[in-house]
Amino acid sequence: MKQFFLAPSILAADFARLGEETVKVLEAGGDIIHFDVMDNHYVPNLTVGPIVLKALRTYGIIAPIDVHLMIKPVSDSLIYDFIKAGADFITFHVEASEHIDRTLELIKKNGCKTGLALNPATPINYLSYVMDKLDLILLMSVNPGFSGQNFIYKTLDKLSQVRRLIDETGYNILLEVDGGIKIDNIYQIALAGADIFVIGSGIFSYPDYKKIIYLISNELEKVHS
Ligand code: DX5
Ligand code: ZN
């Protein structure tokens, strides 16, 4: 049976109580913490860096943390800093590195899992020659920068294509979808082939995280029945 993972995006959490919110969403059933890093250059917003990631580890968060870098360029020193701070996955966008293969190699060599992100309009051919270096492919289903945007349905075609690419080539790569995922579209996204679902406002805008995660998980169960 296929395994699904929920990755709450703490971008939509209450930043004044970040440690508490992170514990709460994990206790409610979140599997992976999605950590959005924005630089006000690659995307029109500014968020958090390695210091905040380190603070979450110090607070006691031991769950996998999936760092989504929306920064350009992706510098070697920031990669080291995020790994040192406790990242499990580091994902960057294809437009953000002049040397995708080299950046992937650097992340891997330093003991971290790699991820490559594609925006809604970015073609999938970037993936072909680096499949052997990828642990994760992140498909954006909104334009990166903000939580709470609407899912772009055109990206479902791309999702199915990338699912096929992973299955045909046989690499052990997780397929993650990010942006606009809600209880009323997650079933469709799961059917198209996603493994990891990043959800920000679709969890954090509800008062009871346990209840909404339970309802979302029920939607995913339908794929198995
Ligand atoms: C958007 C971020 C997402 C965002 C998702 O640029 O990469 O991770 O937090 O938030 P929702 O689920 O609200 O679209
Ligand atoms: Zn993200």
(message) Residue pairs, Cβ under 6 Å, 6 or more apart or interchain, first in region 144-157 and farther than 14 Å from LEU46 by Cβ and more than 8 Å from ligand 1 (Cβ to nearest atom), second part of a helix (DSSP H, G or I) and of a type outside the set (Gly, Ala, Ser). List them.
(response) none
(request) Can you confirm whether region 94-110 contains a residue that is within 15 Å of the chain's Cα centre (by Cα), open to solvent by less than 40 Å² (accessible area, probe 1.4 Å) and not polar (S, T, N, Q)? (result) yes
(request) For region 116-125, indicate whether the set of residues that are surrounded by 20 or more Cβ atoms within 10 Å (Cβ to Cβ), touching a Lys or Arg at 6+ places or on another chain (Cβ under 6 Å) and either at pLDDT below 95 or not small (Gly, Ala, Ser) (or both) is non-empty. (result) no
(request) Being touching a residue at least 12 places away in the same chain (Cβ under 8 Å), over 13 Å from THR155 (Cβ atoms) and either away from ligand 2 (no atom under 16 Å from the Cβ) or over 17 Å from the mean Cα position of the chain (by Cα) (or both) is the filter here, so list the residues in region 187-207 that pass it. (result) TYR187, ALA190, LEU191, SER205
(request) Go through (1) buried (at least 17 other Cβ atoms within 10 Å of the Cβ); (2) within 16 Å of ligand 1 (Cβ to nearest atom); (3) of a type in the set (D, E, K, R); (4) over 19 Å from PHE92 (Cα atoms) one by one and return the number of the condition ARG163 breaks. (result) (2)
(request) Report whether or not LEU69 is closer than 18 Å to ASN143 by Cβ, within 16 Å of ligand 2 (Cβ to nearest atom), open to solvent by 50 Å² or more (accessible area, probe 1.4 Å) and within 18 Å of the chain's Cα centre (by Cα). (result) no
(request) Taking ASN150 as meeting all but one of (1) among the polar types (S, T, N, Q); (2) within 16 Å of ligand 2 (Cβ to nearest atom); (3) closer than 21 Å to ASP66 by Cα; (4) surrounded by fewer than 14 Cβ atoms within 10 Å (Cβ to Cβ), write down the number of the exception. (result) (3)
(message) Can you list the helices (runs of 4 or more DSSP H) lying wholly within region 7-87 that have 2 or more residues being more than 12 Å from ligand 1 (Cβ to nearest atom), more than 21 Å from LEU104 (Cα to Cα) and modelled with pLDDT of 95 or more?
(response) 18-27, 50-59
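The values are calculated or read from the model by the stated rules, or taken from the named source; none is laboratory data. Treat the numbers as computed from the prediction; the structure is a model and nothing was measured. Here Cβ is always computed from backbone atoms with ideal geometry, including for glycine, and neighbour counts include all displayed protein chains. Just so you know, the surface numbers come from the protein's heavy atoms only, side chains and all, with ligands and any DNA or RNA stripped out. Shrake-Rupley method; radii C 1.70, N 1.55, O 1.52, S 1.80 Å.
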